[in-house]
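First up is the structure itself, then whatever we jot down about it.
No lab work stands behind these numbers, since they all come straight from the coordinates. Small disclaimer: the values here were computed from a predicted structure and weren't measured. Note: ideal-geometry Cβ built from the backbone for every residue, glycine included; neighbour counts use all protein chains shown.
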Amino acid sequence: MEKISFRHSVIFLNFCILISPFYFMINFEPIILCLLLILILGISHGALDNLKGKKLLKLYGYRSSISFYLTYILISLFIIFFWLIFPNFVLFLFLIVAAYHFGREDTVFYFKKKFFISESLFFLKGSAVIMAPLLLQRNITNEIFGILNFSVFESPIFSDQFLIIMLCLSFFSSLYISIKKNADLVGIMIMDFSSIIILNFFLTPVLAFTIYFCFLHSIRHSITLIFELDKSFMSGLKKFLNRALPLTLVTTVIFLFAIFYLNNFYKLDEAIYKVIFIGLASLTFPHILLEYL
């Protein structure tokens, strides 16, 4: 996995270098393309949660999988409900949890220190995904947050100096996590951080996040799942696609129905923004909880 992840990071970095300046000349937001990529590639990396849920239930002596599906759906609905009432709190919590999740899941090797130290380093490492668009595309990012009724980052606390410090801490956290590993693993950390900076320097925030989320985070996680299903990549890929397809299709239909409904009250772009972020938040919380249980 380490060799595969190194090659993946090399390909992804070169992809970012090639596509970003070219897109900078076009300068528009392909929001529908972002939605399609998230639905096809992004969502699918969590589409085996039902299989993991069954394994978890067996550990606790439950035979029926209905309780898993009900719990998963209830957590998702709970997040959506509280987002509507407390958007600032829920989105801020989502960004903190997402930063930790990105930092931990994108680390392709074992790293363990005392609980507070390791978890803090994972959070700082993953915070680059959140902080980079705020520093490099601040106005556009705050416009998108405004659509989501989120105003926390408009506070003077989140100044450019603060964001630069957070990005530096993110970079040094990546180095610290990998410093005693081999050169390839250090290279993965540096390349992944560089890719995030390049994407957010040239691209709009949603497009930068989509490319990172789909082609780095999701593909890396999916590759891990493929090899868990079968030692042969091609055989594991077939199993992964067959098992991931049902929940991916169900989630896609729900997302599209939500956009169709919200389009009665908002512009299409605004409806898509809401569905992407609120939808991802509602899926991320139960997905992360299941991963760590």
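Can you bin region 129-230 into rounded, prolate or oblate? Criterion: square roots of the alpha carbon gyration tensor eigenvalues sorted a ≥ b ≥ c, rounded for a/c under 1.5, prolate for a/b above b/c, oblate for the rest. Don't skip to the end; give the middle numbers.
Values: a/c = 2.53, a/b = 1.48, b/c = 1.71.
Oblate is the answer for region 129-230, as a/c is 1.5 or above yet b/c matches or exceeds a/b.
With a 10 Å radius around each residue's Cβ, average the other Cβ atoms per peptide and rank 11-20, 153-162, highest first.
Details: 11-20: 16.6, 153-162: 11.6.
The packing order, highest mean first, is 11-20, 153-162.
Calculate, in nm to one decimal, what I179 and S232 gain on full extension: separation in residues at 0.36 nm each, minus their alpha carbon distance. Don't skip to the answer; put the middle values down first.
Values: separation 53, 0.36 × 53 = 19.08 nm, distance 3.11 nm.
Stretched out fully, the I179 to S232 stretch lengthens by 16.0 nm.
What is the distance, in nm, between label points placed 7 Å from the Cα along the Cα-to-Cβ direction at F109 and at R243?
Placing both labels 7 Å along Cα→Cβ, they lie 2.8 nm apart.
Compute the projected area of the convex hull of the Cα atoms of region 211-293, averaged over all viewing directions, and report it in nm² to one decimal place. Can you show the working numbers first?
Details: hull surface 25.3 nm².
If I average the Cα hull's projected area over directions, I get 6.3 nm².
With a 10 Å cut-off between alpha carbons and a GNM built on the chain, which of I96, I79, I165 moves the most?
Top of the fluctuation ranking is I165.
Just the Kirkwood number for region 39-194, please: inverse of mean 1/r across all distinct Cα pairs, in Å, one decimal. Kindly include the intermediate steps, with their values, before the conclusion.
Working: mean 1/r = 0.0557 Å⁻¹.
Its Kirkwood hydrodynamic radius stands at 18.0 Å.
Applying the Karplus parametrisation 6.51 cos²θ - 1.76 cosθ + 1.60 with θ = phi - 60° to the phi angles of region 118-126, what ³J(HN,Hα) value in whole Hz is obtained for each residue in order, glycine and proline being reported as x?
Going residue by residue, I get 5, 5, 5, 5, 4, 4, 4, 4, x Hz, with x marking Gly and Pro.
Region 4-123: Rg/Rh from Cα coordinates, Kirkwood Rh?
Values: Rg = 18.8 Å, Rh = 18.3 Å.
Rounded to two decimals, Rg/Rh equals 1.03.
So what's the Cα pair-distance distribution over region 180-243, bin width 10 Å, in %?
20, 34, 32, 15
Sorted by packing (mean other beta-carbon atoms within 10 Å per residue), highest first, where do 222-229, 247-254, 260-267 land?
Working: 222-229: 17.8, 247-254: 15.4, 260-267: 12.1.
Top of the packing list down: 222-229, 247-254, 260-267.
Provide the gained length on full extension for the span I254 to K55, in nm with one decimal, where the gain is 0.36 nm per separating residue minus the Cα-Cα distance.
Numbers: separation 199, 0.36 × 199 = 71.64 nm, distance 2.58 nm.
Answer, rounded to one decimal: 69.1 nm.
At 0.36 nm per residue, and after removing the present C-alpha to C-alpha distance, how many nm does the segment from N139 to L268 gain when stretched out fully?
Numbers: separation 129, 0.36 × 129 = 46.44 nm, distance 2.05 nm.
Stretched fully, the N139-L268 segment lengthens by 44.4 nm.
Kindly write out, for region 282-292 in residue order, the coupling ³J(HN,Hα) from the Karplus curve 6.51 cos²θ - 1.76 cosθ + 1.60 (θ = phi - 60°), rounded to whole Hz, with x marking Gly and Pro.
5, 8, 5, 4, x, 5, 5, 4, 5, 4, 8
Which shape class applies to region 78-150: rounded if a/c is under 1.5, otherwise prolate when a/b exceeds b/c and oblate if not, where a ≥ b ≥ c are the square roots of the Cα gyration tensor eigenvalues?
On the way: a/c = 3.07, a/b = 1.58, b/c = 1.94.
Since a/c reaches 1.5 but b/c is at least a/b, the shape of region 78-150 is classed as oblate.
Could you list the trypsin sites (Lys or Arg not before Pro) in region 14-86 that lie in coil according to DSSP, counting only those with at most 10 other Cβ atoms within 10 Å of their Cβ? Write out the running numbers ahead of the final one.
On the way: sites: K52, K54, K55, K58, R63; in loops: R63.
Counting only loop positions with at most 10 other Cβ atoms within 10 Å, the trypsin sites (Lys or Arg not before Pro) in region 14-86 are R63.
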